[in-house]
Amino acid sequence: MQINPQLVTILQRAQSVTVLTGAGVSAESGIPTFRDAQTGMWANFNPEELASPDGFRRNPKLVWEWYAWRRELVQQAQPNPGHLALVELERRMPTFTLITQNVDGLHQRAGSQKVIELHGNIGRVTCSAEGTQIDSWDTTAESVPPRCPHCGAYLRPDVVWFGEMLPRQALQAAWDAAEMCDLFLSVGTSGVVEPAASLPRVARQAGATVAVINLDVQEQNQPPIFSIHARSGEWLPALVRAAWPSQE
């Protein structure tokens with residue numbers, strides 16, 4: 001795969017790189033996107049029924065079981081070459097920040113160290129009343145969802161649902177990373193879900209070069225904006241090889 005030499009030079013000279021990843025990166029590991037996961041019996045439900053505070057209040061058992069099913073899919077998946085290329089990119093750069101909208105934890109499993117999770121992590125569980133993370137609970141109880149061992153409220157997945165605010169600290173860290181980088185890569189994300197969709201614009205306004213890598217973009221190969229129609233699992237490793245050919 002050919003990588004624009006201008007973009008390679010920009011990467012080689014960069015002191016700070018920020019990357020935003022979306023569902024397209026995880027899809028290459030076989031993890032269905034949020035709406036694609038509504039198959040089989042789950043196809044009968046609206047997203048708001050399965051991923052909202054109101055839906056959880058109406059039918060906590062249904063929501064818990066859907067996320068338990070999705071968690072099994074995530075556990076069976078493995079990081080793909082795109083994830084691994086980002087690990088190498090982090091190793092190479094003086095300053096590197098990875099921001100993800102994904103909740104599967106594959107970046108961490110691949111080896112990425114500095115990951116900002118905007119939408120939480122499906123592998124974690126919190127108390128629906130207190131918001132505290134819960135690491136263990138009574139597995140012998142018949143309650144579905146299980147109950148918080150401290151207050152007795154239902155437990156819930158530690159993810160951001162429709163109608164909820166993104167974690168303030170994570171969002172501020174993402175904003176800071178976008179404002180301070182030399183190169184911003186938006187990978188595998190539609191670019192329509194706010195506030196994450198604003199991050200490339202924030203980076204560009206601060207003077208960074210921006211590259212958008214997705215299967216839904218039209219090619220544009222001139223700085224300061226690059227639009228690359230490609231799969232992340234192919235393009236990201238090619239970018240790393242082009243910038244540091246000694247890796248061959």
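The table below lists the values:
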item	result
Any hit, the range 175-190, residues being touching a Ser or Thr at 6+ places or on another chain (Cβ under 9 Å), on the phi > 0 side of the Ramachandran plot and surrounded by 14 or more Cβ atoms within 10 Å (Cβ to Cβ)	yes
Yes/no for residue 20 being within 25 Å of residue 172 (Cα to Cα) and either modelled with pLDDT of 90 or more or assigned to a helix (DSSP H, G or I) (or both)	yes
Pairs, first under 14 Å from residue 185 (Cα atoms) and of a type in the set (Lys, Arg) in the range 1-16, second in a helix (DSSP H, G or I) and at pLDDT below 95, C-beta under 7 Å, six or more apart	none
Any hit, the range 86-109, residues being at negative phi, small (Gly, Ala, Ser) and modelled with pLDDT of 95 or more	no
Lone unmet requirement of (1) within 17 Å of residue 102 (Cβ to Cβ); (2) buried (at least 16 other Cβ atoms within 10 Å of the Cβ) for residue 195	(2)
Odd one out for residue 115, checked against (1) outside the structural domain of residue 90 (by TED's automatic domain parsing); (2) more than 22 Å from residue 57 (Cβ to Cβ)	(1)
Residue match in the range 86-95 (condition: touching a residue at least 60 places away in the same chain (Cβ under 8 Å) and β-branched (Val, Ile, Thr))	yes
Of residues in the range 71-113 being hydroxyl-bearing (Ser, Thr, Tyr) and within 14 Å of the chain's Cα centre (by Cα), the one farthest from residue 162 (Cα to Cα)	112
Residue ID - modelled with the lowest pLDDT, chosen from residues in the range 197-240 that are of a type in the set (D, E, K, R) and in contact with a strand residue (DSSP E or B) (Cβ under 6 Å, 6 or more places away or on another chain)	219
Filtered residues of the range 85-98 (kept if aliphatic (A, V, I, L, M) and over 14 Å from residue 26 (Cβ atoms))	85, 87, 89, 93
Contacts under 7 angstrom Cβ, first residue in the range 168-180 being assigned by TED's automatic domain parsing to the domain that holds residue 194, partner surrounded by 16 or more Cβ atoms within 10 Å (Cβ to Cβ) and among the aromatic types (Phe, Trp, Tyr), 6 or more apart	178/184
Test: residue in the range 59-70 that is among the acidic types (Asp, Glu), over 18 Å from residue 240 (Cβ atoms), at pLDDT below 90 and not assigned by TED's automatic domain parsing to the domain that holds residue 181	no
Some residue of the range 175-187 being outside any helix (DSSP H, G or I), among the small types (Gly, Ala, Ser) and more than 17 Å from the chain's Cα centre (by Cα)	no
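So that you can scan it fast, the table gives a plain yes or no per residue for (1) surrounded by 15 or more Cβ atoms within 10 Å (Cβ to Cβ); (2) under 30 Å from residue 236 (Cα atoms); (3) not hydrophobic (A, V, I, L, M, F, W, C):
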{"site": "116", "(1), (2), (3)": "yes, yes, no"}
{"site": "119", "(1), (2), (3)": "yes, yes, yes"}
{"site": "122", "(1), (2), (3)": "yes, yes, no"}
{"site": "126", "(1), (2), (3)": "yes, no, yes"}
{"site": "129", "(1), (2), (3)": "no, no, no"}
{"site": "134", "(1), (2), (3)": "yes, no, no"}
{"site": "138", "(1), (2), (3)": "no, no, yes"}
{"site": "142", "(1), (2), (3)": "no, no, yes"}
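The values are calculated or read from the model by the stated rules, or taken from the named source; none is laboratory data. Since this is a predicted model, take the numbers as computed values, not measurements. Don't worry about glycine lacking a Cβ; one is built from the backbone with ideal geometry, like all the others, and counts go over all protein chains shown.
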